[in-house]
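Worksheet: one structure, shown below.
The values are calculated or read from the model by the stated rules, or taken from the named source; none is laboratory data. If you're wondering where the values come from, they're calculated on a predicted model, not measured in any experiment. Glycine gets a Cβ as well: all are built from the backbone with ideal geometry, and neighbour counts include every protein chain shown. Note: areas computed on protein heavy atoms with side chains; ligands, DNA, RNA excluded. Shrake-Rupley method; radii C 1.70, N 1.55, O 1.52, S 1.80 Å.
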Amino acid sequence: MTNQRVLVTGATGRVGSAVATQLLERGVATRVMVHRSDARSARLAAMGAEIVIADMFDFMQIRAAMDGVDRLYFNAPYHPHVLDSAVAFAVAARRAGVQAIVAMGQWLASPEHPSLMTRQMWFNDKLFELLPDTAHIAIDPGFFADNYLLGMMPVAAQFGILPMPNGAGRNAPPSNEDIARVVVGALLDPHRHDGKAYRPTGPRLLSGADIADAMGEALGRHVRHVDVPPKVFMKAVRANARRLRTDMFFESCLRNYLPETPLGTWEVGGPTTHVRDVAGVEPEDFLTIARRYAAAPECRRTAGNFVRSLAGAIRIAMVPMHRLDKFDHTQQHPQPAHPRFSGESAFWQHEHPAADDRLDDPLAATDTDSARV
């Protein structure tokens, strides 16, 4: 990848930061786009990254950030106008002569999903596919390991429970680092991967009880899974919105992802071998990932952490769930005439076959849809 420059968006996020770090460790000229200068961007600058402060919805700033860039990692902002951002980047990439775009998407992406973000992520992929003379690789992970561990590990540490609405569904959650490894592999050799859609996963499908057991082993205590109603889970998200850095739009989308686990949507085609196929390494198992989170200060079993967790539990009991239907209506979020969860959608299932013997070598596929395993 001699003399190639990569632009990484969302570079202070958990996956984007890992992408930028891995590129810099390989000696790749890396420009990172951030909202503001802070300790996270300073760390990347110290590693040798070129820092650009820009708004992902401002075309003039995007065009300037794209100047001299050969390859782009597009990590869509979680925003109701995310499609506007994708259009701005597509136009800027076309004018700058960008050779390849690796775009973060969603395993659930479908034009009939009740989540606005998920519908727009489907259109993002289709938009980038239309760019002539530009390689396009889609990275479509499902429910990350981070989604279980970031908010739930302190609760498990203090109370010995994992309260999540999983039902009997299973998932093979990938680490942020493994997702980044697939992104980097695609950026380093985009023409080999052009037209493919990869779904990084962990090595094994896990039930809620399996995930709780791994968290317990990492924490050194017994943890059991408690299958709570989605409404209770959403109350917890609202109560912890500041710590989790979430807003009402995120909550509006999240409530429509929770039913996918009991429907078995994460099990379709999983686990995949895409981390090994693209990055050349075996994916991390959930216990390995959980041990990193267990080392966080908030996961220590101290009197102060217990009191804070207890106060958080009381706050969850007191706050109501946001009126998200009213929020969607007020914000004029459009809805398809017949919204369907991905696990119930014939359209989505056609694009995501459960198994395909032709894909023993995932690079042998000839079109994007058949590469979705």
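Laid out as a table, the results:
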quantity	calculated
Matching residues in the range 154-171 - criterion: being in contact with a strand residue (DSSP E or B) (Cβ under 9 Å, 6 or more places away or on another chain), hydrophobic (A, V, I, L, M, F, W, C) and either open to solvent by less than 20 Å² (accessible area, probe 1.4 Å) or not in a helix (DSSP H, G or I) (or both)	A156, I161, L162, M164
Given (1) at pLDDT below 95; (2) surrounded by fewer than 17 Cβ atoms within 10 Å (Cβ to Cβ); (3) not in a loop (DSSP other than H, G, I, E, B), index of the condition S41 fails	(2)
Looking only at the range 253-268, and only at residues there that are assigned to a helix (DSSP H, G or I) and under 21 Å from L205 (Cα atoms), the one that is nearest to the chain's Cα centre (by Cα)	W266
Residues satisfying the stated conditions in the range 83-113, i.e. crowded, with 21+ Cβ neighbours inside 10 Å and more than 17 Å from Q61 (Cα to Cα)	A100, I101, V102, A103, M104, G105, Q106, W107, L108, A109, S110, H113
Filter result for the condition that a residue is over 14 Å from R224 (Cα atoms) and in a helix (DSSP H, G or I), over G195, G185	G185
The range 328-342, subset over 10 Å from H113 (Cα atoms) and either of a type in the set (G, A, S) or touching a residue at least 40 places away in the same chain (Cβ under 8 Å) (or both), residue surrounded by the most Cβ atoms within 10 Å (Cβ to Cβ)	D328
Residue match in the range 127-138 (condition: closer than 29 Å to A346 by Cβ and of a type in the set (S, T, Y))	no
Condition met for R181 (at pLDDT 95 or above and within 26 Å of R245 (Cβ to Cβ))	yes
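Each row is one residue, and each column tells you yes or no for (1) open to solvent by 50 Å² or more (accessible area, probe 1.4 Å); (2) under 30 Å from P353 (Cβ atoms); (3) outside any helix (DSSP H, G or I).
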position	(1), (2), (3)
R243	yes, no, no
E251	no, no, no
G270	no, yes, yes
V278	no, yes, no
S309	no, no, no
